[in-house]
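Enquirer: Got a structure here, written out as structure tokens. Questions coming.
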Amino acid sequence: MAKDKTLFVCSECGGTSPKWLGKCPSCGAWNTLVEQVAGAGAGGAANNRFGTQFASLAGASELSTLSEIEATDVARTPTGLDELDRVLGGGIVSGGVTLIGGDPGIGKSTLLLQAVDALQRAGQNALYVTGEESGSQVALRSKRLGLDHSQVQVLAEIQLEKIIATLDATRPAIAVIDSIQTVYSDQLTSAPGSVAQVRECAAHLTRFAKTSGTAVVLVGHVTKEGALAGPRVLEHMVDTVLYFEGDTHSSFRLVRAIKNRFGAVNEIGVFAMTERGLKGVTNPSAIFLSQHAEPVPGSVVLVTLEGTRPMLVEIQALVDNGGPSPRRLSVGLDRDRLAMLLAVLHRHAGVACMDQDVFVNAVGGVRISEPAADLAVMLAITSSLRGKPLPKGFIAFGEVGLAGEVRPAPRGQERLREAAKLGFSVAVVPKANAPRKGAKEIEGLTIHAVDRIEEAMDVVRRLD
Ligand SMILES: Nc1ncnc2c1ncn2[C@@H]1O[C@H](COP(=O)(O)OP(=O)(O)O)[C@@H](O)[C@H]1O
Ligand SMILES: [Mg+2]
């Protein structure tokens, strides 16, 4: 297709322009024009070259009822890395497309190289396409990781057409594209890494995966906030989206499924970065606890539930005199939720932080999205404000509503048992999560069940 057929389409209103403009001529939005390849007879933005190529053959398609269609479960091939298989929902799926996002240096290339090597050793043909590093750099990494005599095929190439041709000729069981930002298609004039290129190349590779049965893994540099425009647009295209999380300063890494057409999305994989690559952590419940010799103000241990496993994470808060416009900052927790919790604290528990800076942090670079963190966050804030630590061995969890009520967290008993197992001795939890009267107690754990936030504050004050 000739380059003069390219068209720029506004991602807001769908308006078009023959050349790139900063401002959409139709709706006036800025920086929304994205290059598209328009085939002959293209009907606008929605038509890519696949949609239009067969337009003349279009006729009504045959319909079938759901019951007529054979329901087959997808076949999965385990990668051999248990923690990765856990997030994938059992393993890689033939023809499935997975996007792995994460900050540079977090371990995407390392993990995928380990995974394809394990697959190759299990008899699955694997192809590693490297656009960021040279073949010898990849070989150096594989040496460092101890993957001796690896039979994984490596292709150092960034031109999409050549990559597809190689894939087509070799038909591997799994192909890794590291990274999608480096790949470019001749069909587009935009620079590699631009939204248009990334989207076009990913669409091609996805189509290849679906027609050939090769499982394709796309590596994308992006933070979860989507700071980098690019792979975020891919999330709709692919079957599975995984994000790497974790503090690059600590050795622990989480791989979280954000979207999965072939499995659950709440599962996470936990790894430790070692000299010889990423090692799965099968029992991750205690890795996000920092070790204080003595309890310190502003620190509360939260029992959170990630997928099927309870994990203990230290929540830290610092409340300090602020200026005329005090700051509210959170790392690993939702900032809007923090603002809400501060309002609830003030209204229902009489704890005022209006003129204070409030910082909260989930230790270890972990991101916590479940509302069951509320109670721990509020107790940490109050503890910092009062300058009084919570007792040794203290844990908390529970959602707090706008009316000040403390709501139960899913699978509370499991959380409590995990905490007891790790030697925690005092818990403040929602009433519905505490063992019922007469039920078996959890050994070693004194449980204070609360219904409201002010009750929780009273309990903590009595514990001083
Ligand atoms: N030569 C090396 N020796 C030891 N560790 C290394 C070496 N090269 C890379 N690493 C570690 O591996 C980490 C992950 O690198 P990599 O897998 O390339 O990340 P990504 O592909 O996500 O950018 C790096 O942050 C670094 O800690
Ligand atoms: Mg890399």
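The values are calculated or read from the model by the stated rules, or taken from the named source; none is laboratory data. Predicted model, so just to flag it, every value in this text is computed and none were measured. Every residue, glycine among them, receives a Cβ derived from its backbone with ideal geometry; neighbour counts consider all protein chains shown. When the accessible area is computed, the model is the full protein with side chains, heavy atoms only, and any ligands, DNA or RNA have been set aside. Shrake-Rupley method; radii C 1.70, N 1.55, O 1.52, S 1.80 Å.
Enquirer: Just the residues that are open to solvent by 20 Å² or more (accessible area, probe 1.4 Å) and within 17 Å of residue 423 (Cβ to Cβ), please, taken from segment 267-291.
Expert: Within segment 267-291, 283, 286, 287, 289, 290, 291 qualify.
Enquirer: Still on this structure, I have one more. Quick one: residue 99 ticks every box in (1) more than 19 Å from residue 263 (Cβ to Cβ); (2) buried (at least 20 other Cβ atoms within 10 Å of the Cβ) except a single one, so which number is it?
Expert: (1)
For every residue, the table says whether it meets (1) assigned by TED's automatic domain parsing to the domain that holds residue 216; (2) near ligand 1 (Cβ under 10 Å from one of its atoms); (3) part of a helix (DSSP H, G or I).
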| site | (1), (2), (3) |
| --- | --- |
| 71 | no, no, no |
| 84 | yes, no, yes |
| 87 | yes, no, yes |
| 95 | yes, no, no |
| 101 | yes, yes, no |
| 112 | yes, yes, yes |
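Enquirer: Sticking with this one: Going residue by residue through segment 148-155, is there one that turns out to be away from ligand 2 (no atom under 16 Å from the Cβ), of a type in the set (Asp, Glu), part of a loop (DSSP other than H, G, I, E, B) and open to solvent by 10 Å² or more (accessible area, probe 1.4 Å)?
Expert: Scanning segment 148-155 turns up at least one residue that is away from ligand 2 (no atom under 16 Å from the Cβ), of a type in the set (Asp, Glu), part of a loop (DSSP other than H, G, I, E, B) and open to solvent by 10 Å² or more (accessible area, probe 1.4 Å).
Enquirer: In addition: What do you reckon, is residue 165 over 28 Å from the mean Cα position of the chain (by Cα), hydrophobic (A, V, I, L, M, F, W, C) and either more than 16 Å from ligand 2 (Cβ to nearest atom) or part of a loop (DSSP other than H, G, I, E, B) (or both)?
Expert: Answer is yes for this residue.
Enquirer: Further, regarding this structure: Quick check, is residue 88 of a type outside the set (Gly, Ala, Ser) and open to solvent by less than 10 Å² (accessible area, probe 1.4 Å)?
Expert: no
Enquirer: Okay, moving on. Does residue 202 satisfy the criteria of being within 25 Å of residue 135 (Cα to Cα), of a type outside the set (S, T, N, Q), in the same structural domain as residue 98 (by TED's automatic domain parsing) and open to solvent by less than 10 Å² (accessible area, probe 1.4 Å)?
Expert: yes
Enquirer: Sticking with this one: Look at residue 73 and say whether it is modelled with pLDDT under 95, within 16 Å of ligand 2 (Cβ to nearest atom) and surrounded by fewer than 23 Cβ atoms within 10 Å (Cβ to Cβ).
Expert: no
Enquirer: Continuing with this model, one more query. Among all residue pairs at least 6 apart or on different chains, which show Cβ distances below 8 Å where the first residue, located in segment 249-275, is free of Cβ contacts under 8 Å to residues at least 24 places away in the same chain and the second is within 16 Å of ligand 2 (Cβ to nearest atom) and open to solvent by 50 Å² or more (accessible area, probe 1.4 Å)?
Expert: Partner pairs satisfying both residue conditions: 251/273.
Enquirer: In addition: Only one of 44, 80 is modelled with pLDDT under 80 and assigned to a loop (DSSP other than H, G, I, E, B). Can you tell me which?
Expert: Selected residue: 44, the only one of 44, 80 that is modelled with pLDDT under 80 and assigned to a loop (DSSP other than H, G, I, E, B).
Enquirer: Exactly one condition in (1) more than 13 Å from residue 158 (Cβ to Cβ); (2) open to solvent by 10 Å² or more (accessible area, probe 1.4 Å); (3) within 16 Å of ligand 1 (Cβ to nearest atom) is not met by residue 220; state its number.
Expert: Single failed check for residue 220: (2).
Enquirer: Cβ contacts < 6 Å: first residue under 24 Å from residue 221 (Cβ atoms), restricted to segment 130-151; second residue more than 15 Å from ligand 2 (Cβ to nearest atom), any location; separation 6+ or different chain. Result?
Expert: If the second residue must be more than 15 Å from ligand 2 (Cβ to nearest atom), the pairs left are 142/150; 145/276; 147/117.
Enquirer: Here's another thing I want to ask about it. The conditions are (1) closer than 23 Å to residue 145 by Cα; (2) open to solvent by less than 30 Å² (accessible area, probe 1.4 Å); (3) in a loop (DSSP other than H, G, I, E, B); (4) not polar (S, T, N, Q), and residue 247 fails exactly one of them. Which is it?
Expert: Here residue 247 clears every test but (2).
Enquirer: Quick check on segment 220-235. Is at least one of its residues assigned to a loop (DSSP other than H, G, I, E, B), modelled with pLDDT of 90 or more, under 21 Å from the mean Cα position of the chain (by Cα) and not hydrophobic (A, V, I, L, M, F, W, C)?
Expert: no
Enquirer: Within segment 168-190, restricting attention to residues that are part of a loop (DSSP other than H, G, I, E, B) and either in contact with a His (Cβ under 8 Å, 6 or more places away or on another chain) or open to solvent by less than 60 Å² (accessible area, probe 1.4 Å) (or both), which residue is nearest to ligand 1 (Cβ to nearest atom)?
Expert: So the residue we want is 179.
Enquirer: Here's something else I'd like to know. Looking only at residues in segment 124-149 that are more than 8 Å from ligand 1 (Cβ to nearest atom) and over 21 Å from residue 166 (Cβ atoms), which one is farthest from the chain's Cα centre (by Cα)?
Expert: Restricting to residues being more than 8 Å from ligand 1 (Cβ to nearest atom) and over 21 Å from residue 166 (Cβ atoms), the top hit is 149.
Enquirer: So, residue 193, is that one open to solvent by 20 Å² or more (accessible area, probe 1.4 Å), without any contact (Cβ under 8 Å) to a residue 60 or more places away in the chain and part of a loop (DSSP other than H, G, I, E, B) or not?
Expert: It is true that residue 193 is open to solvent by 20 Å² or more (accessible area, probe 1.4 Å), without any contact (Cβ under 8 Å) to a residue 60 or more places away in the chain and part of a loop (DSSP other than H, G, I, E, B).
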